[in-house]
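Structure record follows, encoded as structure tokens.
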Amino acid sequence: MAEVKLKANEKAKAKEYVEQALELIDPVQSKVLYQETMTTYAQIVLPERADFFIQSMEQIIAQDEVYLGLKETALRVLKDAYSAKGDFESALNYHLQYAESKVSQLKKEASQKALAYQMDTEYQKNQYELQSLKTQRDVELAEQRVEQIVTAAVVGVLVVLLSAFLLLARNKRRSLELEKQLLNKTLDLKQQLLADISHELRTPLTVLKLHIESLEHNLVENPQQSYKVLNRRLDTLNTLIKDIYELAQADTGSLNLALERVNAKQAFIGLVEDIDDFVTDEGLEFNAHIELPDELEIDIDVTRFAQVFNNLARNSVNYTDKPGEVCVDISYQSQQIQCVIEDSSPGVGDEALGRLFERLFRCDKSRSRDLGGSGLGLSICQKLVELHGGSIAVAHSELGGLKVSVIIPCE
């Protein structure tokens, strides 16, 4: 405010403000501010109070230790005060002291700047060397880390290779064990199959031999009846040999299907009609329900599928007590044709139900032989259905007998 009033040439107001400021300023704690304020005060009150400033400033100079800036202010104020009084010699003297002080200060500042520059150069040099050492250390650490990573990677690869080798060895050993078990099982099954086939062949051949010997020695009262028995036994042998041959073809993959694109509804109507007369002729009630889309077509070997239906119908006739019934239900859902053939009692037990697809298995062996069954019918049905990409399953029927479900996919 004092400087503002001084510029406005209101010296009285400027003096009032600057005197208030000098009362508030501590010359020791606020040296720069005191120096500036005294300079402003001198501009206001000189030359009226020249003696006051001369006395005050000389006291400051006379002190043993005085702040350099404060001393320079005092010298400058003394120069202005003596000039105001007309004592130019004293003013020149204090001006020269001020100039010497300023020159000394500048030299000192220059020296300090040179020293500071030198120290800064040394500092930068040290920083550069330190940074170089740090960079070198970082490179060494990075190299060590790379070496560690490479070592760990090599160890990891070795561990993986060793683990893979051990796993392959274990899997190979397990495969050999499974192959051995499968081979043993296959051999057992082969031996069992050969034994079963020998047994199945021995029985009708023994009967044939006995009847032939009886006819040879004229021990038969009714030769025509013996010929009928011989004929029936030969048919049984032919059926067994034919079934064994077809299964052998299926096992070796040489049983081929003659697939053709046919209307599904018409094909299954024909299959059902083929077994209708056979079932009813045996004194059983036959019911059929076919619900297929009229435009549905399917790739099927009609002859082979007729064999499946005939085998299933023959089983139902042979193992259903009279009077009884056989029901066939054919439907289409989820892009599949489902054929269900059910018959009435007596059916089969739970233990026998799971073995029906075993080759040469019979629930009632004596009854099967009397009816000319080979025990391979359901096995053949299973193979033929699987060749069509389908599945076959058996379960207990609500009619009291057996329920056979055949599912054929439709593209």
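The values are calculated or read from the model by the stated rules, or taken from the named source; none is laboratory data. This is a predicted model, so every value here is computed, not measured. Positions of Cβ are backbone-derived with ideal geometry, glycine not excepted, and every protein chain shown enters the neighbour counts. SASA here: full protein model, heavy atoms, side chains in, ligands and nucleic acids out. Shrake-Rupley method; radii C 1.70, N 1.55, O 1.52, S 1.80 Å.
In the set L182, L205, L168, which member is modelled with pLDDT of 70 or more, under 22 Å from L234 (Cβ atoms) and in a helix (DSSP H, G or I)?
L205
Quick grid of which residues meet (1) farther than 25 Å from K7 by Cα; (2) surrounded by 13 or more Cβ atoms within 10 Å (Cβ to Cβ); (3) touching a residue at least 24 places away in the same chain (Cβ under 8 Å):
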| position | (1), (2), (3) |
| --- | --- |
| L24 | no, no, no |
| Y41 | no, yes, yes |
| E48 | no, no, no |
| F53 | no, yes, yes |
| Q97 | yes, yes, no |
Exercise for the section: Evaluate the following for D299: is it at pLDDT 85 or above, within 19 Å of D276 (Cβ to Cβ) and not in a helix (DSSP H, G or I)? Expected result: no
Completion exercise
Only one of D350, D321, D364 is modelled with pLDDT of 80 or more and open to solvent by 40 Å² or more (accessible area, probe 1.4 Å), namely D321
Handout entry: Yes/no for V385 being modelled with pLDDT of 75 or more, within 38 Å of the chain's Cα centre (by Cα), within 24 Å of E285 (Cα to Cα) and surrounded by 18 or more Cβ atoms within 10 Å (Cβ to Cβ)
Key = no
Problem - Enumeration of residues in segment 395-411 that are assigned to a strand (DSSP E or B) and without any contact (Cβ under 8 Å) to a residue 60 or more places away in the chain - result: A395, H396, G400
Problem - Hits in segment 302-325 (condition: in contact (Cβ under 8 Å) with a residue 40 or more places away in the chain and under 52 Å from the mean Cα position of the chain (by Cα)) - result: V302, T303, R304, F305, Q307, V308, N311, L312, N315, S316
Practice task
Give the residues of segment 1-22 that are touching a residue at least 24 places away in the same chain (Cβ under 8 Å) and open to solvent by less than 50 Å² (accessible area, probe 1.4 Å), sorted by residue number.
Solution key: A2, L6, A14, V18
Completion exercise
Among (1) touching a strand residue (DSSP E or B) at 6+ places or on another chain (Cβ under 7 Å); (2) not in a helix (DSSP H, G or I), G283 falls short only on (1)
Completion exercise
Of the listed residues (Q307, Q336), the one being open to solvent by 10 Å² or more (accessible area, probe 1.4 Å) and either under 12 Å from I408 (Cβ atoms) or in contact with an Asp or Glu (Cβ under 8 Å, 6 or more places away or on another chain) (or both) is Q336
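One line per residue, one yes/no per condition, for (1) of a type in the set (A, V, I, L, M, F, W, C); (2) in contact with a Leu (Cβ under 8 Å, 6 or more places away or on another chain); (3) loosely packed, with under 12 Cβ neighbours inside 10 Å; (4) under 20 Å from I337 (Cα atoms):
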{"position": "A264", "(1), (2), (3), (4)": "yes, yes, no, yes"}
{"position": "L271", "(1), (2), (3), (4)": "yes, no, no, yes"}
{"position": "D277", "(1), (2), (3), (4)": "no, no, yes, no"}
{"position": "G283", "(1), (2), (3), (4)": "no, no, yes, no"}
{"position": "I290", "(1), (2), (3), (4)": "yes, no, no, yes"}
{"position": "L296", "(1), (2), (3), (4)": "yes, no, no, yes"}
